[in-house]
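What follows is a single structure, written as structure tokens, with notes after it.
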Amino acid sequence: MANDEVILLDFWPSMFGMRLRIALAEKEVKYEYKEEDLRNKSPLLLQMNPIHKKIPVLIHNGKPVCESNIAVEYIDEVWKDKAPLLPSDPYDRAQARFWADYIDKKLYDSARKIWGTKGEEQEAGKKDFIECLNVLEGELGDKPYFGGDNFGFVDIALIGFYSWFYAYETYGNLSTEAECPKFVAWAKRCMQRDSVAKSLPDQHKVLEFIKVLRKKYGVE
Amino acid sequence: MATGSVKLLGVWASPFVNRVEIALKMKSVEPEFILETTLNKSELLLKSNPVYKKIPVLLHDEKPICESLVILQYIDDSWPNGPSILPSDPYDRAIARFWASYIDEKWYPLVVEFMKAEGKEEKAAVLEKISEGNLLLEEAFIKINKGNSFFGGDRIGYLDIVLGSLLGWVKAIEMMDEMKILDETKMPSLAEWDKRFCSDNVVKDIIPQPEKLAEIHRKFHQMKKATSN
């Protein structure tokens, strides 16, 4: 694997990009990080992801892998000699895929309403968001990680959202520690991992970024 | 070889249920089919899929697995001795998963939007978007099949099941609206693939005929109208 060329097309606040950063760090894979300006997408990005034109894109020896959860599975399958990200038992793998998919289907849109809208729409977003986190807390139960004793696929799919929590709390006027204490405890546990701490941006930096976005979308 | 009871909660008209039926048949596994009626969800369904309350649900040794794409991969993992559903190469697997996601999240929702759209103009606008998607799928097929009959090679695989399962309903909608969604002139390779897929031994008794689906659709809407008045 020493001659592998690995490039990550990414955007620093993207919770989806964070998934790949964490996965590559867990596997100790050396890669080149390329920051994309989403208002001015590079020819490389448009060539590597012509269908969706989105980040993150993993480029492995010139071949693109798009869609973050798919790319994390790919990383797990290629660099299989260390830090397994998916469980080995078929039923546990199915549960991991189910919950990673749930996060994609439910969490992003409701979270977006918290910082990106006002009034009734924002309230609806807040309610859905807390509900989602509560469902996820139910799934986590008393386990240290969603993967059980081992940090894995679902933890990776979810933890990036934590870097946006200060923004959600500020603009949504909510306290996640009060509403979802288990979730916050789990997140802090994950943050103690090197791979996570190095992959997530500072929450204040994200807040500043959201402030600019809100002005741009006329929410302020 | 996995043992234990295998039950499938579903309805024969659901393309997502058909996917699971095809995958199990590929592995020579015969499930106990538990019929769900779409108007009143059973206790078993609500208990097995509390998050989405939807079919299909596969119950393997009474343990539920939900979401058709998750179920297909579970079947492949659990019965490794039968023919493979997903490709063996990690990159090919990533490509198969990518297109499955595209089909379920972008392409098929447009087909449903087309069905629900009212008036020729609205339908034509949605059809244009679907046609763009069709071209992408045609290109993807040519790239992925590497000269073989199916997405999966010389035998049906994951993507064949994911896309093929939807074709019954696509054709039923074409019948009901008297408009072509799958244009053979614009997607000739997929048109040929469609015929091969539908006549494949594993598939042919599972995907219902479009005429039957159109009839079900009519009946379902009549029932809905009657109960809402």
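For the reader, a short list of remarks on this structure follows.
- Residue within segment A:211-218 that is open to solvent by less than 10 Å² (accessible area, probe 1.4 Å) and in contact with a helix residue (DSSP H, G or I) (Cβ under 9 Å, 6 or more places away or on another chain) present: no
- Scan segment A:47-104 for residues that are among the β-branched types (Val, Ile, Thr) and more than 8 Å from every other protein chain (Cβ to nearest Cβ) and the total you get is 6.
- Hey, residue B:195 surrounded by fewer than 18 Cβ atoms within 10 Å (Cβ to Cβ), closer than 20 Å to residue B:21 by Cα and modelled with pLDDT of 95 or more or not: yes
- Taking each residue of segment A:204-220 that is on the phi < 0 side of the Ramachandran plot and looking for partners that are surrounded by 11 or more Cβ atoms within 10 Å (Cβ to Cβ) and of a type in the set (A, V, I, L, M) with beta-carbon atoms closer than 6 Å, six or more apart or interchain, yields A:206/A:167; A:207/A:167; A:210/A:167.
- Hey, residue A:58 open to solvent by less than 10 Å² (accessible area, probe 1.4 Å) and not charged (D, E, K, R) or not: yes
- Tally of residues being in contact (Cβ under 8 Å) with a residue 40 or more places away in the chain and closer than 30 Å to residue A:77 by Cα across segment B:98-126: 5
- One residue from A:158, A:207, A:140 being of a type in the set (A, V, I, L, M), touching a Lys or Arg at 6+ places or on another chain (Cβ under 7 Å) and at pLDDT 95 or above: A:140
- Close pairs (7 angstrom Cβ cut-off, 6 or more residues apart or separate chains): more than 9 Å from every other protein chain (Cβ to nearest Cβ) in segment B:76-91, among the polar types (S, T, N, Q) and not in a helix (DSSP H, G or I) anywhere: B:82/B:28
- Residue selected from segment A:83-142 under the condition outside any helix (DSSP H, G or I) and of a type in the set (A, V, I, L, M), by the criterion most open to solvent (accessible area, probe 1.4 Å): A:83
- Selection status of residue A:65, within 17 Å of residue A:159 (Cα to Cα), open to solvent by less than 20 Å² (accessible area, probe 1.4 Å) and assigned by the TED database to the domain that holds residue A:17: no
- All of (1) within 14 Å of another protein chain (Cβ to nearest Cβ); (2) surrounded by 23 or more Cβ atoms within 10 Å (Cβ to Cβ); (3) closer than 19 Å to residue A:194 by Cα; (4) of a type in the set (A, V, I, L, M, F, W, C) hold for residue A:22 with one exception: (1).
The values are calculated or read from the model by the stated rules, or taken from the named source; none is laboratory data. Note that the structure is predicted; figures quoted are calculated from it, not measured. As a convention, Cβ positions derive from the backbone with ideal geometry for all residues, glycine included, and neighbour counts pool all protein chains shown. All accessible areas refer to the heavy atoms of the entire protein, side chains included, with ligands and DNA or RNA removed. Shrake-Rupley method; radii C 1.70, N 1.55, O 1.52, S 1.80 Å.
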